[in-house]
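Down below is the structure, laid out as structure tokens.
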Amino acid sequence: MTLLALLQDYTVQTVLAGAVLLGLTSGVLGAFAVLRRQSLIGDVLSHAALPGICLGFLAAGSRDLPSLLTGAFLTGTLAAVTVLWLTRTTRLKTDAALGIVLGIFFAAGVVLLTYIQTTQGAGQAGLDSFLFGQAAALLRSDLWIMGGVTAVALILILAFWKEFKVATFDPGFATTLGLPVLALDLALTVMIALAIVVGLQMVGVVLMTAMIIAPAAAARQWVDRLGPMVALSAGFGILSGVLGAGLSAAGRGLSTGPLIVLVASAIVTVSVLAAPGRGLLWAVLRDRRAARRLRARQVLLTLDRLARDHASPGFRSDEGLLRAYHGTPPRRALARLEAEGLIRAVPHGPEDHRHWELTPEGQTRVNEFRLDGES
């Protein structure tokens with residue numbers, strides 16, 4: 001099937017639109033979760049959505065999407081409130097509270113899902129698809145629900161941008177300004193629950209946490225300010241959704257949700273490796289450049305030391321003598337120093353190989369090194 005034929009397919013169009021909404025919402029809200037060091041909150045809220053899905057099914061008596069998503073949102077919000085209550089009223093640390101809430105809510109969800117599967121017969125068909133997502137079952141009417149949830153979350157972020165920014169980076173300062181930090185924390189957490197609700201049918205309960213964290217973690221490698229990070233995180237989220245959905249449509253039997261998460265993970269990997277200034281490859285290059293600079297400095301100081309030991313400012317050292325001092329051939333360091341004009345090659349008859357001596361610029365650099373060492 002050609003690309004044009006794929007794009008004209010009703011199901012593919014619907015899935016791509018859902019993937020864009022998923023990537024946009026999770027990217028924007030995930031940036032705040034990462035900066036608040038609450039990466040696990042997405043994991044907790046996504047797993048806490050399972051009992052809500054089951055309760056929504058029991059309340060509606062059928063696989064009615066609005067009822068399922070409403071239940072998921074309510075139990076996700078309840079889980080978020082429970083985490084905040086535990087961390088503020090007990091001695092439990094945040095990670096312990098997150099682990100406790102995740103275990104309780106997910107266990108309750110599995111029990112309810114098992115109960116429904118054994119008592120509801122054919123009416124529960126497809127309900128377990130919310131564990132891993134089933135993007136192909138997405139309908140145009142579902143997109144309106146997802147779009148509405150996305151719009152609410154984005155409007156709230158824009159309306160309270162300054163307040164969320166201060167509360168995210170400096171909660172203590174936000175408190176001195178009279179801002180309701182607890183309410184802002186709760187609002188952000190509830191909106192993350194909204195983002196999870198948006199993605200449940202696309203990637204499912206189990207993988208949704210990756211969509212909250214991965215785009216933001218990738219964006220954090222490239223930028224230092226909140227605004228660009230949120231925008232880039234949203235872009236990475238949309239790119240992950242579109243590419244994952246496209247690969248799923250182009251291949252046969254490939255699940256959309258896992259592919260979206262794999263694309264997001266690939267973006268994180270590239271960002272961690274290649275992001276300017278922060279990437280691991282850049283760190284390796286910086287270390288190598290620093291090692292070469294240190295090696296050249298050592299050779300330059302050795303040339304000066306040999307000249308002083310021989311009481312001859314114009315003493316000429318050959319490569320073999322320098323190798324004896326440093327234990328390894330200093331050829332690259334000599335080439336670097338010569339290129340910088342700090343040393344020069346001079347003849348030293350009757351020997352036919354090159355010798356080296358400091359230039360006036362090199363002597364000045366040595367004096368600077370010596371002053372730095374003394375200070």
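The values are calculated or read from the model by the stated rules, or taken from the named source; none is laboratory data. From a predicted model like this one, the values you see are computed outputs, not experimental measurements. Note that we place each Cβ from the backbone using ideal geometry, even for glycine, and neighbour counts take in every protein chain shown.
Below is a table of values for the structure above.
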{"item": "Test: residue in the range 8-22 that is farther than 14 Å from Asp142 by Cβ and surrounded by 24 or more Cβ atoms within 10 Å (Cβ to Cβ)", "result": "no"}
{"item": "Among residues of the range 177-213, those that are in a helix (DSSP H, G or I) and free of Cβ contacts under 8 Å to residues at least 60 places away in the same chain, counted", "result": "5"}
{"item": "Flag if Gly244 is at pLDDT below 85, at negative phi, assigned to a helix (DSSP H, G or I) and buried (at least 19 other Cβ atoms within 10 Å of the Cβ)", "result": "no"}
{"item": "Filter result (hydrophobic (A, V, I, L, M, F, W, C) and closer than 16 Å to Leu22 by Cα) within the range 237-266", "result": "Ile238, Leu239, Val242, Leu243, Ala245, Leu259, Ile260, Val261, Leu262, Val263, Ala264"}
{"item": "Every residue from the range 247-287 that is part of a loop (DSSP other than H, G, I, E, B) and closer than 18 Å to Gly27 by Cβ", "result": "Ala275"}
{"item": "Test: residue in the range 35-48 that is farther than 17 Å from Ala80 by Cβ and either over 14 Å from the mean Cα position of the chain (by Cα) or surrounded by 24 or more Cβ atoms within 10 Å (Cβ to Cβ) (or both)", "result": "no"}
{"item": "Residue, farthest from the chain's Cα centre (by Cα), within the range 94-110, restricted to residues that are without any contact (Cβ under 8 Å) to a residue 40 or more places away in the chain and loosely packed, with under 15 Cβ neighbours inside 10 Å", "result": "Ala107"}
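Residue-by-condition table, conditions (1) farther than 30 Å from Leu334 by Cβ; (2) at pLDDT below 85:
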residue	(1), (2)
Phe236	yes, no
Ala249	yes, yes
Val261	yes, no
Ala266	yes, no
Asp309	no, yes
Glu319	no, yes
